[in-house]
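Here's the structure we're looking at; comments come further down.
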Number of protein chains: 2
Amino acid sequence: MIQDDKNDKQISQAVIRRLPRYYRYLRELIRNNILRISSRELSEKMKVTASQIRQDLNCFGGFGQQGYGYNVKYLYNEISRILGVDKHFTAVIIGMGNLGKALARNPLFEKRGVSIKGLFDISPDIIGKPCNGIPVMSMNLVTEFCVINSIDIAVLTLPKSEAASAAETLAKAGIKGFWNFSNMELSLSEYDVKIENIHLGDTLMTLCYELARDLDEKE
Amino acid sequence: MIQDDKNDKQISQAVIRRLPRYYRYLRELIRNNILRISSRELSEKMKVTASQIRQDLNCFGGFGQQGYGYNVKYLYNEISRILGVDKHFTAVIIGMGNLGKALARNPLFEKRGVSIKGLFDISPDIIGKPCNGIPVMSMNLVTEFCVINSIDIAVLTLPKSEAASAAETLAKAGIKGFWNFSNMELSLSEYDVKIENIHLGDTLMTLCYELARDLDEKE
DNA sequence: TAGATTGTTAATCGATTAACAATC
DNA sequence: TAGATTGTTAATCGATTAACAATC
């Protein structure tokens with residue numbers, strides 16, 4: 001059993017949600033041939049405190065060196081490992097509407113070590129026509145496909161009305177993680193699965209909130 | 001000047017980011033013809049504490065009634081107003097790639113009182129062909145269009161390389177809010193604008209993190 | 001009125017920041 | 001060695017939860 005956190009103490013959600021941001025900034029540093037960086041320098045770039053960076057990283061281990069700072073490539077690799085990039089998870093996309101298609105063609109998966117193995121829909125019009133080189137299959141085949149290929153992740157880009165039953169089918173087929181764009185609260189408490197709910201509209205609304213406050217102030 | 005918060009005290013980001021979730025749940029209650037609800041009942045549905053609900057709502061005013069609870073429609077309307085739905089913000093989408101197209105056809109905007117007035121791209125192949133009934137125009141026209149139509153929000157779904165310059169053009173054209181899917185950190189500190197950065201990949205990575213931890217435990 | 005439930009204050013909890021000893 | 005910067009503990013800050021008086 002690999003121990004990422006030094007003393008098995010629980011890592012807070014706040015820290016976990018900041019990891020992908022470190023990952024992005026470190027990749028950028030590598031791209032710019034920056035080989036080492038101190039927490040203070042990184043904190044200036046990321047607009048956070050150096051203290052927070054050191055605390056966050058130390059949840060997982062001592063990746064730096066006193067008097068030197070952090071080796072960028074080493075740190076990037078460590079965070080990459082913590083985030084499971086090297087686990088090479090596999091995924092299917094369920095629902096080939098506009099968002100499904102957009103995600104199927106998006107390079108974000110491969111950049112993070114996740115490979116899309118299959119696309120699924122119920123519409124006969126699009127079944128059989130590959131998207132971005134990946135076959136679009138009938139939902140009738142989804143269980144068999146996921147079981148045979150040991151798929152880890154299901155991306156749910158289908159209508160609210162179909163999301164609940166599809167999710168249950170997928171959980172039974174061994175899916176362990178749901179990246180859920182369906183705006184449907186999934187109830188899969190009987191299954192040992194992780195769910196990441198994405199409500200795109202929510203972030204648009206917080207933007208609208210800020211804009212509305214500005215307007216109110218000017219009245 | 002409208003006072004949403006009772007004593008002009010600053011509302012925390014944590015509270016603001018929860019508002020759209022209340023908004024969703026309240027709409028669901030209305031759909032199910034539920035006319036009143038107590039903080040305790042709502043807390044059970046939403047899996048949060050009743051205390052938090054009462055605290056959150058009270059940042060903006062006393063919307064409930066002792067001994068009764070909350071009038072669902074009234075509360076929905078209040079939150080709707082706080083989130084600026086009745087401000088009827090206007091938006092343009094910049095970049096008609098897969099994600100841009102998916103958003104242009106997505107009903108999420110109209111549900112939140114935001115109307116998409118124009119779509120923009122640099123590719124001559126798609127300029128002139130409307131998407132979801134909205135014209136796709138050349139980026140050369142974006143400044144004129146935004147100024148004339150007093151556009152509030154720009155949705156950035158263009159490549160990283162083009163995002164920075166486009167954002168500056170848009171800020172100069174009077175855009176006040178950016179819903180930024182470009183994965184580019186925008187530097188618009190000279191302009192009085194609000195930015196909501198969306199990093200879709202980040203949420204996929206936190207899901208991968210959870211899955212990776214599960215695998216590690218089993219080793 | 002009695003019961004219910006809010007609005008609000010006080011207590012707790014957790015997360016962030018500051019400080020500094022350890023050490024490269 | 002001296003200077004720099006981490007890892008880590010302690011202090012602070014803010015957010016969440018609990019409690020209860022106010023009141024419908």
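Figure legend. Inter-residue proximity from segment A:76-102: first residues within 15 Å of B:ARG213 (Cβ to Cβ), second residues in a loop (DSSP other than H, G, I, E, B) and among the aliphatic types (A, V, I, L, M), beta-carbon distance below 8 Å, spacing 6+ or different chains. Indicated pairs: A:PHE89/A:VAL114. In segment A:174-219, which residues are crowded, with 18+ Cβ neighbours inside 10 Å and touching a Cys at 6+ places or on another chain (Cβ under 7 Å)? Within segment A:174-219, A:ILE175 is the sole residue that qualifies. Just one of the numbered conditions (1) away from DNA strand C (no atom under 16 Å from the Cβ); (2) in contact with a helix residue (DSSP H, G or I) (Cβ under 7 Å, 6 or more places away or on another chain) is not true of A:PHE109: (2).
When the test is whether a residue is buried (at least 23 other Cβ atoms within 10 Å of the Cβ) and more than 30 Å from B:TYR22 (Cα to Cα), B:ALA163 does not pass it.
Restricting attention to segment B:24-55 and to residues that are assigned to a loop (DSSP other than H, G, I, E, B) and touching a Leu at 6+ places or on another chain (Cβ under 9 Å), the residue that is surrounded by the most Cβ atoms within 10 Å (Cβ to Cβ) turns out to be B:VAL48.
Within the group A:ARG21, A:ARG31, which residue is more than 21 Å from B:THR206 (Cα to Cα) and of a type in the set (D, E, K, R)? It is A:ARG31.
Among the residues making up segment B:44-57, those that are more than 9 Å from DNA strand D (Cβ to nearest atom) and free of Cβ contacts under 8 Å to residues at least 12 places away in the same chain are B:GLU44, B:LYS47. Applying a threshold of 7 Å to beta carbon distances and a minimum spacing of six or more residues, or different chains, the list of pairs starting in segment A:194-219 at a residue that is touching a residue at least 12 places away in the same chain (Cβ under 8 Å) and ending at one that is acidic (Asp, Glu) reads A:LYS194/B:GLU210.
Of the helices (runs of 4 or more DSSP H) lying entirely inside segment B:63-167, those containing at least 2 residues that are of a type in the set (A, V, I, L, M, F, W, C) and within 14 Å of another protein chain (Cβ to nearest Cβ) are B:72-82, B:98-104, B:108-111.
Quick check on segment A:176-188. Is at least one of its residues away from chain B (no Cβ under 12 Å), among the hydroxyl-bearing types (Ser, Thr, Tyr) and more than 30 Å from B:ILE175 (Cα to Cα)? No, there is no match, as no residue in segment A:176-188 is away from chain B (no Cβ under 12 Å), among the hydroxyl-bearing types (Ser, Thr, Tyr) and more than 30 Å from B:ILE175 (Cα to Cα).
Being exposed (fewer than 12 other Cβ atoms within 10 Å of the Cβ), within 24 Å of the chain's Cα centre (by Cα) and closer than 23 Å to B:GLY201 by Cα holds for only one residue in A:GLY133, A:GLY118, and it is A:GLY133. Scanning segment B:190-219 for residues that are more than 7 Å from chain A (Cβ to nearest Cβ) and of a type in the set (Val, Ile, Thr) yields B:VAL193, B:ILE195.
If you go through segment A:55-67 and keep only what is modelled with pLDDT of 95 or more and either under 18 Å from A:LEU83 (Cα atoms) or among the hydroxyl-bearing types (Ser, Thr, Tyr) (or both), you end up with A:GLN55, A:ASP56, A:LEU57, A:ASN58, A:CYS59, A:PHE60, A:PHE63.
The values are calculated or read from the model by the stated rules, or taken from the named source; none is laboratory data. Keep in mind the model is a prediction, meaning the values are calculated, not measured. Please note: Cβ atoms are built from the backbone with ideal geometry, for glycine as well, and neighbour counts cover all protein chains shown.
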